[in-house]
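The values are calculated or read from the model by the stated rules, or taken from the named source; none is laboratory data. Quick caveat: nothing in here was measured; it's all calculated off a predicted structure. A quick note on method: Cβ atoms are made from the backbone with ideal geometry, for glycine too, and the neighbour counts reach across all protein chains shown. These accessible areas exclude ligands, DNA and RNA; they are computed on the full protein's heavy atoms, side chains included. Shrake-Rupley method; radii C 1.70, N 1.55, O 1.52, S 1.80 Å.
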Amino acid sequence: MLNDNVAYKTKSALNQDGEQTSRLMLVLRTPPCEYNQCTMCGFDNNAGKNIRLQNIQRQYQNGIVGEDFSDIRRIDFPTAGSFYNDRELSPESRNYLFSEVSQLPVDSVMVETRVDYLTEEKIRESKSYLREDQNIELAIGLESADDNIRNKVLRKGLSKKGFERFADICANTDSSLLAYILIKSPTLSEAGAVEDAVQTADYVYKIANERGIKARVAFKPMFIPENTELEKLYLSGEYQLPKLWTTVEIVKRTTELAGYQPNSIFVGMFDEGLSGDRFSSNCGNCNSEVVEALKRFNGNQDLSELERLSCECKTEWGQEVRGESK
Ligand SMILES: [Zn+2]
């Protein structure tokens, strides 16, 4: 049962500035996303109705109580929508969270928001509650650099100009940028999904490098949340989830990009507790091995283990990607 005083909590490996560390993620229960048009988003399922400052305080306290912070260097606060939309999360709630984080031995805090609600003033206010040595990472769901995929297929309502304005705000407030990139939007084949994600990472690094800001990309292999348009496509057989090999290939190719920023790749969504048939997978023989290798990659950023992975199903995947089957 959903409880307005409990945030969904998970801890995972993370590489920060070349160091293997961990991040603690508290998915705050907030009111539903005001935009709420994205075809693949199921965050609404986690939203609450009458969330007040008091609930946010309890969610935070319940989330960190008893937690050992000795190896945690970052805390993440995703919400059901946008962290900087005042109608979803009040300025008092935000300030409370930053003020609490200033007491933690972490060096950065990640929050997610649509660009429409973001201003430099809001970031400056947030930073005034943090310690000098703490940094804000601003995350945005870019999903794809392809305008048609992003705005027609996924209905993100985000222009490239909007994304670039987001990057400008990061630059002007000395914040770092995290761009979520979706793997295998509807309409894409496995091969198309590789191209789309790698080109999107290339665009993110280009925009970040032009502005001299630190950027990371978080790849999200598609999964199927309940009560979404995507779920309908999935249940009717029109949509197939990507193979994990596609993600492995995207990670490898992203490290080869000219503008690639070292230690900047994260592969997400392995910790949402979703059942296997609704999540990207390979065959039963290699599935858990590949998932575990990707999780370790998040911590060590070492490609060699991913390169050593093999399975019969990888050969089939390779044939499909190269167009030799079907
Ligand atoms: Zn396999």
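Quick one: length gained pulling E226 to D107 fully straight, 0.36 nm per residue minus the C-alpha distance? All intermediate terms of the calculation are to be shown ahead of the outcome.
Numbers: separation 119, 0.36 × 119 = 42.84 nm, distance 3.48 nm.
Taking E226 through D107 to full extension adds about 39.4 nm, to one decimal.
Suppose every K and R has +1 on its Cβ and every D and E has -1 on its Cβ; what is the size of the dipole of the chain about the Cα centre, in Debye to the nearest 20?
That gives the chain a dipole magnitude of about 460 debye.
How much accessible area per residue does region 77-157 have, in Å², with a 1.4 Å probe? Show your work: numbers first, answer last.
Details: 3020 Å² over 81 residues.
Each residue of region 77-157 exposes 37 Å² on average to a 1.4 Å probe.
Taking 35 Å as R0, compute the FRET efficiency from the Cβ-Cβ separation of N209 and E289 and round it to 0.05. Could you put the intermediate results ahead of the total?
Numbers: r = 35 Å, r/R0 = 0.99.
That gives a FRET efficiency of 0.50.
Where the convex hull is taken over the Cα atoms of region 8-321, what is its projected area averaged over directions, in nm²?
The Cα convex hull of region 8-321, projected and averaged over all directions, gives 15.1 nm².
In the structure displayed, which of K9/K156; K156/K184; K184/K243 lie more than 19 Å apart, Cα to Cα?
Long pairs (Cα-Cα over 19 Å): K9/K156.
Among the listed pairs K214/K252; K161/K314; K160/K295, give every one whose C-alpha distance is greater than 28 Å.
Checking Cα-Cα distances, K161/K314; K160/K295 exceed 28 Å.
Cα-based Rg of region 97-169 per 2.2 N^0.38 Å, rounded to two decimals?
1.30
Counting other Cβ atoms within 10 Å of each Cβ, which GluC sites (Glu not before Pro) in region 124-177 have at most 16 and sit in a DSSP loop?
Sites meeting the loop and neighbour criteria: E132.
Counting other Cβ atoms within 10 Å of each Cβ, which GluC sites (Glu not before Pro) in region 26-119 have at most 16 and sit in a DSSP loop? Can you show the working numbers first?
Numbers: sites: E34, E67, E88, E92, E100, E112; in loops: E34, E67, E88.
Filter output for region 26-119: E34, E67.
Quick one: with all protein chains in place, what share of the accessible area of the chain is carbon or sulfur, to the nearest percent (1.4 Å probe)?
45
State, to one decimal in nm, how far the label point of A13 lies from the label point of R58, with both points 7 Å from Cα in the Cβ direction.
3.7
Heads up, I need the accessible area for F98: 1.4 angstrom probe, whole protein in place, Å², nearest 10.
F98 exposes around 0 Å² with every protein chain in place.
Suppose a student asked you for the relative contact order of the chain, using Cα pairs under 8 Å spaced at least 6 residues apart; what percent would you report?
Relative contact order here is 16 percent.
For the residue pair N300 and Q319, what label-to-label distance in nm results when each label sits 7 Å from Cα along the Cα-to-beta-carbon direction?
Placing both labels 7 Å along Cα→Cβ, they lie 3.3 nm apart.
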